[in-house]
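This report refers to the structure that appears directly beneath it.
Bear in mind that the values in this text are calculations on the coordinates, not laboratory data. Just so it is clear, the model here is predicted, and its values are computed rather than measured. As a convention, Cβ positions derive from the backbone with ideal geometry for all residues, glycine included, and neighbour counts pool all protein chains shown.
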Amino acid sequence: MSRTRPSPGPRLMLPGLREAYAAFVREADALPALPGALQAEVWTSAQLGTLEAAAPHEAGRRAALGDLIMSLRAAATPGARTFLRALAAIGPAVGRTAAGKAADALRDLPAAPWEGMLGRVVPGQAWLIQEGPLDGDRLVCEFRYADAGTAGMHALAVRLTYGDAPTEVVTVGDVPALMTAARQAMQAELCVVQPYDAAAVGERLRTALNGAEPLPEACYPALALARHRAELLP
């Protein structure tokens, strides 16, 4: 009696991580139901942060990213398509073209209603918040989605210590609340808040976020999204 053997799946560069990639595919099933592009980008960045934090070196990160893209393409689910579109929009530059081609191959699958907004953001005001000589600089950059008004407005907030080493990288969804709290702290003489040149912010962030040194573990979930946003600054 013959028995059908299960498909071995795509040929991977890191086959020992096959189950990890399968877990990413399963978790992506919930991605199309998220309320908007920002939430999808935050989710995608967190998954990429998990990969990068676990990779021992740059070659390992590239291999894992390539394997993930192939695994998503092979899964051929609506969630996999959406994940690939998000990777093509805000993922590491080395994988964007491959992710886009893999997503194109799944074009017949349903698309999330906000898929076309992924990565299409424009920068706004930049701020420098200084809370004290030992706390370093906190750089806050506002962003909004193109042609979407204030919907999805958000900010990237990065704290840099001595030598511009990142110690905190977060995405802020409620920008007015963030700036209100900062101004209240300034009135209480707890910090200094001032507009900051976007070009200076961009240069500092690109240098800080793409360094060779490992970052604090808490920085990784927002790291991919932060790098993408920093690319958009002058």
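Below, the figures for the structure above:
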quantity: Cα-derived Rg to Rh of the chain, Kirkwood definition; calculated: 1.03
quantity: Footprinting exposure proxy for Val158, Val140, Val192 (fewest neighbouring C-beta atoms within 10 Å first); calculated: Val192, Val140, Val158
quantity: Ranking of Leu215, Leu87 by count of other Cβ atoms within 10 Å, fewest first; calculated: Leu215, Leu87
quantity: Folded to 0 to 90 degrees: helix 223-232 orientation relative to the chain principal axis, Cα; calculated: 70 degrees
quantity: C-alpha long axis of helix 37-54 to longest principal axis of the chain, angle in °; calculated: 80 degrees
quantity: Dipole of the chain [Lys/Arg +1, Asp/Glu -1 at C-beta], most positive-end residue of Leu223, Leu17, Pro176; calculated: Leu17
quantity: Stokes-Einstein D (µm²/s) once Rh is taken as the Kirkwood radius of region 120-232 over alpha-carbon pairs, at 25 °C in 0.890 mPa s; calculated: 171 µm²/s
quantity: Neighbour-count order for Thr44, Thr171, fewest beta carbons within 10 angstrom listed first; calculated: Thr171, Thr44
quantity: Distance from region 91-123 to region 189-206 (C-alpha centre basis), Å; calculated: 30 Å
quantity: Relative contact order computed over the chain (Cα-Cα under 8 Å; 6+ residues apart), in percent; calculated: 19 percent
quantity: For the chain, calculated [θ]222 nm from helices alone, where every DSSP H run of n ≥ 4 adds -39500 (n - 2.57); calculated: -14500 deg cm²/dmol
